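The values are calculated or read from the model by the stated rules, or taken from the named source; none is laboratory data. Quick caveat, the model's predicted, so the values are computed rather than measured. All Cβ positions, glycine included, derive from the backbone under ideal geometry; neighbour counts span all protein chains shown.
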Amino acid sequence: MRVLGQRTPTITHITQKPIKDVGGTVELTCTVLYSQEFPVIWTKINSEHSIEPVTISLGGTLVLKDTRFELLQKGDSFTLQIKQIQETDAGIYECQILMGLSSKITAEVELEIRRPPVISDNSTRSLIVNEGQAVKLECYAGGFPVPRVSWRRVNNGILSTGRSIYRGNILHIPRVTKEDRGTYYCIAENGVGRGARRNIAVEVQFAPVISVPKPRLGQALQSDMDLECHVEAYPPPAISWVNNGVQLLNNQHYRISHFASSDDYTDTTIRVITIEKRQYGDYICKASNVLGTTEAVVHLYETIIPVCPPACG
């Protein structure tokens with residue numbers, strides 16, 4: 001639009017994209033030419049266009065009633081100053097020369113605010129899977145600059161690249177094993193503040209695994225002897241001892257005890273009391289849960305000299 005006898009107004013300069021910290025101060029300058037007959041306006045535009053633009057200033061007058069904002073006019077330059085910057089101040093600011101009801105000349109500047117990382121609620125919090133299944137842990141973080149996401153295990157352990165694949169926001173374990181269970185840490189960092197961290201608990205359900213510290217034990221007649229099994233399983237298994245096809249119970253001949261050191265570790269012991277000849281032989285330690293059943297054998301044989309402990313006295 002050209003007015004007869006006048007030059008067309010134009011915007012010759014606007015501040016380049018500034019990046020500021022929360023609490024700081026920024027100045028956005030718009031320099032215009034030949035706009036004496038037309039109002040110069042600063043507005044803030046919502047980038048998603050979900051709300052109407054907010055008019056901040058009109059000509060040399062500040063319209064927005066916010067003490068953090070100030071309009072400084074020097075010649076043909078209109079400078080919008082924002083003090084004590086808040087995260088909500090980030091966005092697009094538009095300088096306008098209003099030519100008519102449907103005509104205006106504009107220039108935009110985007111103000112970006114450095115923000116510390118915040119891990120989003122749509123990130124994984126915990127997971128329960130069966131051994132052998134694929135696992136995907138997701139971690140999404142907001143902030144500016146865009147946070148970098150990394151992964152760690154408990155005690156800051158490095159992830160095994162042989163079993164896991166991690167590409168930024170997603171950690172993928174194609175075939176999970178019981179060794180993969182535990183706590184994982186999603187860490188988001190962008191150089192602002194101390195970063196953000198989320199703990200992700202991964203529970204792996206697996207069939208029992210039994211280890212026997214002493215598969216063969218000898219003891220003399222009329223002495224006591226302890227037979228042991230270490231059971232690893234999740235969910236916690238049902239544990240039993242069997243001898244000659246009969247499940248053993250607590251009585252005057254046997255004392256059975258289980259000690260769970262965690263949800264997936266149980267030590268089980270059977271004490272054979274005042275051993276008789278018929279009690280020598282194989283004792284089967286059996287453990288079962290919804291994923292399977294496993295058993296191991298402890299062989300008790302006769303010796304001449306009592307073994308201490310438990311036969312001490």
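Figure legend. Inter-residue proximity from region 211-238: first residues β-branched (Val, Ile, Thr), second residues buried (at least 19 other Cβ atoms within 10 Å of the Cβ) and outside any strand (DSSP E or B), beta-carbon distance below 8 Å, spacing 6+ or different chains. Indicated pairs: 231/237. Assessment of region 173-196 against the conditions (in a loop (DSSP other than H, G, I, E, B), in contact with a Lys or Arg (Cβ under 6 Å, 6 or more places away or on another chain) and farther than 30 Å from residue 232 by Cβ) yields at least one matching residue.
The number of residues in region 119-151 that are closer than 22 Å to residue 88 by Cα, part of a loop (DSSP other than H, G, I, E, B), touching a residue at least 40 places away in the same chain (Cβ under 8 Å) and not hydrophobic (A, V, I, L, M, F, W, C) comes to 2. Scanning region 257-272 for residues that are surrounded by fewer than 17 Cβ atoms within 10 Å (Cβ to Cβ) and either more than 46 Å from the chain's Cα centre (by Cα) or in a strand (DSSP E or B) (or both) turns up 257, 258, 259, 260, 265, 267, 269, 271. Please tell me if residue 23 is surrounded by 14 or more Cβ atoms within 10 Å (Cβ to Cβ), of a type in the set (Gly, Ala, Ser), closer than 24 Å to residue 146 by Cα and at pLDDT below 95. Criteria not met by residue 23.
Residue check: residue 223 meets all listed conditions (1) in a loop (DSSP other than H, G, I, E, B); (2) modelled with pLDDT under 95; (3) of a type outside the set (Val, Ile, Thr) but one, namely (2).
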